[in-house]
Amino acid sequence: MQHYSVASLLRRAVDPVASWPAMWRTPEPQAQYDVVIVGAGGHGLATAYYLATEHGITNVAVIEKGWLGGGNSGRNTTIVRSNYLFPESAHLYDFALKRYEGLSQDLNYNVMLSQRGVAMLAHSRHDMESCTHWANAMRLNGIDSDILSAGDVKRLIPFIDDSATARYPVHGGFIQRRGGVARHDAVAWGYARGADRRGVDILQNCEVTGFLRGPTGAVTGVETTRGAIRAKQVALTAAGNTSVLATMAGFRLPLQSYALQAMVSEPVKPFFDTVAISLATGLYLSQSDKGELVFGAGLDLYHSYAQRGNYPVTERVMASAVAMFPALSRLKLLRQWAGLVDVSPDSSPILGPSPVEGLFLNCGWGTGGFKAIPVGGYMLAWQLATGAPHPIAAPFGLDRFSTAALVDEAAAAGIPH
C-alpha cells in the first residue's frame with residue numbers, strides 16, 4: 001500500500017501542480033492474453049480483479065471503447081440492495097451485498113458504502129399486501145427485512161405527505177436496513193486499481209470492431225481499433241451494448257436495451273438519511289454525500305442506445321416527487337443523465353457461456369447492474385477459471401430461455417433500481 005507523509009498530503013492539498021501517482025497504468029496492448037474482457041465498467045473490472053485474486057490469472061486485458069467507468073457504472077443512482085423475491089435472485093444479490101460490506105477493506109479503497117436502509121413505500125392496501133408478501137419471502141430466503149406501518153414511515157421520512165388528502169397516501173411498506181448506497185466511481189476505480197496492481201492491462205479508447213475465429217468457429221480474440229488481440233477466452237461485460245457485440249459474433253441475445261434516467265437537485269444540507277422507493281410511481285430518492293437529492297425514474301418506454309434524458313420522464317419524476325414530498329418543490333433541478341441498460345425477458349441476468357465457443361457472457365442485469373457488480377465479476381471469473389458455473393450463478397445461464405426455467409423478477413427488479 002502507498003503511504004504519504006502528512007507534509008506530502010498537505011502539499012498536494014494546496015498545490016494544484018503537485019501530482020498524484022497514477023492509479024493504474026496506461027499500457028500498450030499485448031498480442032495475446034489468457035482472457036480478454038470487453039467492457040471496463042464495474043463488472044468487467046471486478047471480473048479481472050477476481051480472476052487475479054481468487055484464481056491467480058493475471059494475463060488479462062480489460063478493453064473499453066471509451067474511458068474506464070464511463071458507461072452505466074458512472075450513470076446510475078448508486079443503490080445497493082438484495083430485497084428480491086425468489087431464492088435464486090435473493091442468493092445472487094445478497095452475495096453482492098455481503099461483498100459490498102467488506103469491499104472497502106478488500107480493495108483498500110473507500111467505496112463510501114452507506115447502509116442507510118432501502119424503504120419500499122406502500123400507497124394502498126394492495127401495495128401493503130405486496131410489501132408484506134415480499135418482506136416475508138425475503139425472510140424465508142434468509143435476508144433481513146422489517147415491515148413498516150404508516151407511522152413507521154412518517155418517523156423515517158418526516159417530510160412525506162401523509163395527510164388525508166395526499167395524492168399518494170402512506171399505508172406503510174418494508175425496509176431492508178442493510179441496503180443503501182455506495183459511490184459509483186469509487187467502486188470502478190477501486191477494482192481498476194486492484195486489478196492493475198496485480199498485472200491486469202486496462203486498455204481504454206480501444207473499441208471492438210469484430211471477433212477473431214479459429215478453424216472450428218471458436219472465438220480466439222478480438223479485432224479492435226488498436227489492432228488484433230488474441231485470447232484463449234473472451235468475455236462480454238458491456239451492459240446495453242452486449243447485444244450489439246453478440247450480433248458481431250453471429251448470434252442474437254434475448255435482450256432489449258433501454259435508457260434509464262436519473263437526475264439530481266441542487267445541493268442542500270443533509271436531511272434525508274434513507275433510500276425511499278415508491279411502488280405506485282416508480283420514484284426512488286436518496287441524498288448524496290454532496291447534498292444533492294438523487295431522483296430515479298423508470299425505464300423509457302422505447303428501445304434506445306442513447307445515453308441522454310428527455311423532458312417527459314423528467315416531468316413525470318418531478319411531479320411524483322413533489323406530490324409525495326411537497327417541500328421539494330422549492331429545489332432547483334441541477335442535471336440529468338441516462339444509462340443504457342439491457343433487459344432480459346425475465347428481468348434476470350445472463351451469466352455463463354454463449355452459443356459460440358470461447359465467448360462468455362455477463363449481461364442482462366437491466367436496472368440492477370450497479371448493485372450486482374461484486375457478484376457479476378466474481379461469478380464470471382469463476383466460470384472462466386473453472387470452466388463451470390458457480391452454484392449461485394447456475395440458474396442464470398442462457399439455456400434457461402430454451403428450458404423455460406425462468407427467474408421472473410420483473411416486480412422486484414423493474415420498479416426500484
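Figures for the structure shown
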item: Region 81-139 - convex hull of alpha carbons, volume per residue in Å³; result: 77
item: Kirkwood Rh, Cα atoms: Rg over Rh of region 1-158; result: 1.08
item: Euclidean distance of C-alpha centroids, region 12-68 and region 232-252, integer Å; result: 20
item: Amide H contacts of Gln30 (H built 1.01 Å from N, under 5 Å, at least 5 apart or other chain); result: none
item: Inter-label distance, nm, simple model (7 Å from Cα along the C-beta direction), Ser402/Gln30; result: 3.4
item: Spatially near lysine pairs across the chain, Cα under 19 Å, sequence gap of 8 or more or different chains; result: 4
item: Using distinct alpha-carbon pairs, which all enter the 1/r mean, Kirkwood radius of region 37-93 in Å; result: 13.1
item: Calculated [θ] (222 nm, deg cm²/dmol) that DSSP helices of n ≥ 4 give over the chain, each run adding -39,500 (n - 2.57); result: -9000 deg cm²/dmol
item: Under DSSP loop assignment and at most 14 Cβ neighbours within 10 Å, longest GluC sites (Glu not before Pro)-free interval of the chain; result: 1-206
item: Computed over region 1-70, Cα set: Rg, Dmax in Å; result: 16.1, 44
item: Over region 120-273 - Rg/Rh using Cα atoms and the Kirkwood inverse-distance radius; result: 1.14
item: In nm, spacing of pseudo-spin labels at His126 and His303 (7 Å Cα→C-beta vector); result: 3.0
item: Accessible area in the full protein assembly, largest first, 1.4 Å probe, for Val244, Val80; result: Val244, Val80
item: Sparsely packed chymotrypsin sites (Phe, Trp or Tyr not before Pro) within region 1-101, loop by DSSP, other Cβ within 10 Å at most 11; result: Trp67
item: Mean shadow area of the chain, taken as a quarter of the surface of its Cα convex hull (nm²); result: 21.2
item: Carbon + sulfur, % of accessible area of region 30-73 - ligands and nucleic acids excluded, 1.4 Å; result: 48
item: The chain - accessible surface per residue (Å², probe 1.4 Å); result: 42
item: Accessible-area ranking of Phe396, Phe271, Phe251, largest first, probe 1.4 Å; result: Phe271, Phe251, Phe396
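The values are calculated or read from the model by the stated rules, or taken from the named source; none is laboratory data. Worth saying up front: this structure is predicted, and the values here are computed from it rather than measured. No Cβ is skipped: glycine too gets one built from the backbone with ideal geometry, and neighbour counts run over all protein chains shown. Calculation scope for accessible area: heavy atoms of the full protein, side chains included, ligands and nucleic acids excluded. Shrake-Rupley method; radii C 1.70, N 1.55, O 1.52, S 1.80 Å.
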